Amino acid sequence: MRGVPLGRLFGIPLEINSSWLFIFLLLTWSLAAGAFPGALPDRAPAVYWLLAAFTSVVFFVCLIAHELGHSLTAIRLGVKVRRITLFFFGGVAQLEGNLKNGLSEVWVALAGPVVSFVLAGLFWLLSQVGGEVGVASAWLARINLLLALFNLLPGFPLDGGRVLRGAIWAATKSFARATQVAVSVGALVSWGLIAYGVLTVLRGNLFGGIWIIVIALFLQNAAVAEASQSGAQQALAQVPRARTLAQDDWPTVPRDTRLQTIADLVLETGRRAYPVVEDGRFFGLVTLVTLRGAGRERWPFMTADAALLTEVHSVLPTAGAMDALRVMTQHNVHQLPVLDAQGVYYGMISRDQLMALLQLYSGEGNDRSPRRIESA
Ligand SMILES: [Zn+2]
């Protein structure tokens with residue numbers, strides 16, 4: 001979600017989505033026409049509207065403060081914040097990297113509601129002065145308290161859901177499992193909210209009920225989107241790139257190598273494919289299939305060039321491990337050469353190696369999987 005840039009706060013770009021204008025007008029209208037005349041009788045309409053608009057702006061600043069709570073905590077924990085965007089349902093702070101562990105996520109998630117609680121307390125104190133300021137402050141105290149409490153519902157991606165995920169992540173050391181549980185609990189929470197919204201409608205509060213249902217549906221969407229996105233991001237960020245994974249000690253052969261020599265290499269190393277490389281340039285692969293196809297009786301006098309597979313799937317050095325695995329699965333191959341756009345050869349990646357990596361990074365079988373990436 002993007003918006004119109006408003007400038008920077010603590011170096012973090014601040015944006016406002018056009019949908020926020022709608023909520024600003026709605027809020028100002030509901031305060032000027034409903035809440036304020038009830039609490040402050042006998043004022044001129046202009047007073048209500050000015051006070052309502054001012055209160056809405058202050059509420060908007062409170063939302064920024066809430067997001068700054070998340071953002072500054074994340075920055076303190078070593079994660080950059082790409083931007084803070086205010087939109088229809090509040091604000092969102094987009095982190096640029098990944099939090100290192102579950103406890104970090106708990107702190108970052110709690111920081112926003114803590115700011116809202118503190119603001120609620122401050123506005124409650126200010127509400128004691130009475131008059132216009134008192135009425136506006138009392139409303140701001142209530143809305144900040146509501147904001148903090150609502151956000152603490154354990155419905156991922158609400159802050160409470162993030163606290164839950166962080167806590168499970170910290171306990172199980174598995175980000176994937178923690179996300180799974182938090183999303184499931186979040187689904188329960190949003191269905192609960194929908195039920196509550198329906199009940200609210202049935203009780204005669206049509207607007208309030210529909211509002212709750214809309215928020216719940218929005219949360220369901222956001223949870224699914226965020227869960228798949230954060231899972232992929234986490235995996236991509238943690239798993240090294242193809243360039244790092246490329247095994248440069250994988251046996252390679254020059255073009256004039258006898259096929260018999262390569263057949264001997266198969267016995268010796270057990271590999272299924274041998275890159276034909278000269279001066280760092282990749283020419284193709286000699287595989288078990290092309291070796292067999294060349295005919296055993298011709299191995300002693302034919303060279304690699306004669307059994308060369310040139311139509312070979314490969315990955316770029318910048319590709320992620322996931323991309324490499326996808327190419328292997330799609331084309332049912334067990335290994336891939338890592339080549340740049342000029343055909344420079346970096347090494348080979350094997351399927352076993354990637355499967356081991358996946359197991360390592362998905363957090364499954366933490367205790368038994370290898371801590372180090374061994375050459376497969
Ligand atoms: Zn928050």
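The values are calculated or read from the model by the stated rules, or taken from the named source; none is laboratory data. Model, not experiment: these values are computed from the prediction. Neighbour counts are summed over all protein chains in view; Cβ atoms, including those assigned to glycine, are modelled from backbone coordinates with ideal geometry. Just so you know, the surface numbers come from the protein's heavy atoms only, side chains and all, with ligands and any DNA or RNA stripped out. Shrake-Rupley method; radii C 1.70, N 1.55, O 1.52, S 1.80 Å.
Tabulated values for the structure
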{"item": "Theoretical gain in end-to-end length, Val47 to Asp340 [0.36 nm per residue, Cα-Cα removed]", "result": "98.7 nm"}
{"item": "Cα-based helix-to-principal-axis angle, 45-76 vs the chain, degrees rounded to 10", "result": "30"}
{"item": "Pairwise centroid distance, computed over Cα atoms, of region 1-68 with region 83-145, Å", "result": "14"}
{"item": "DSSP-loop trypsin sites (Lys or Arg not before Pro) across region 69-152, with at most 16 other Cβ within 10 angstrom", "result": "Lys80, Lys100"}
{"item": "Gaussian network model of the chain, springs between alpha carbon atoms under 10 Å - residue of Ile12, Ile143, Ile210 with greatest fluctuation", "result": "Ile210"}
{"item": "Additional length obtainable on full extension of the chain from Asp305 to Arg281, 0.36 nm per residue less Cα span", "result": "7.2 nm"}
{"item": "Accessible area of the chain divided out per residue, in Å², using a probe of 1.4 angstrom", "result": "53"}
{"item": "Accessible carbon and sulfur surface of the chain relative to its total accessible area, %, 1.4 Å", "result": "63"}
{"item": "Length-normalised contact order of the chain in % [C-alpha pairs under 8 Å, at least 6 apart]", "result": "10"}
{"item": "Estimated inter-spin distance, Tyr196 and Arg326, nm [label 7 Å along Cα→Cβ]", "result": "3.9"}
{"item": "Estimated Rh, region 1-152: Kirkwood, alpha-carbon pairs, angstrom", "result": "16.3"}
{"item": "Projected area, mean over directions - region 242-362, Cα convex hull, nm²", "result": "7.3"}
{"item": "Longest site-free stretch - the chain; sites: GluC sites (Glu not before Pro), DSSP loop, at most 16 other Cβ within 10 Å", "result": "97-310"}
{"item": "Cα-centred dipole magnitude for the chain, charges only on beta-carbon of K, R (+1) and D, E (-1), debye, nearest 20", "result": "400"}
{"item": "Highest-MSF residue in the chain out of Ala178, Ala120, Ala39 [GNM, Cα springs under 10 Å]", "result": "Ala39"}
{"item": "Using alpha-carbon coordinates, inclination of helix 159-172 to the longest axis of the chain, degrees", "result": "40"}
{"item": "Inter-label distance for Leu217 and Arg203, nm, one decimal - labels placed 7 Å from Cα along Cα-to-Cβ", "result": "2.2"}
{"item": "Cut-off of 10 Å, at most 11 other beta carbons, DSSP loop: longest stretch of the chain lacking such chymotrypsin sites (Phe, Trp or Tyr not before Pro)", "result": "11-300"}
{"item": "0 to 90° range, to nearest 10: angle between helix 259-269 axis and the chain longest Cα axis", "result": "50"}
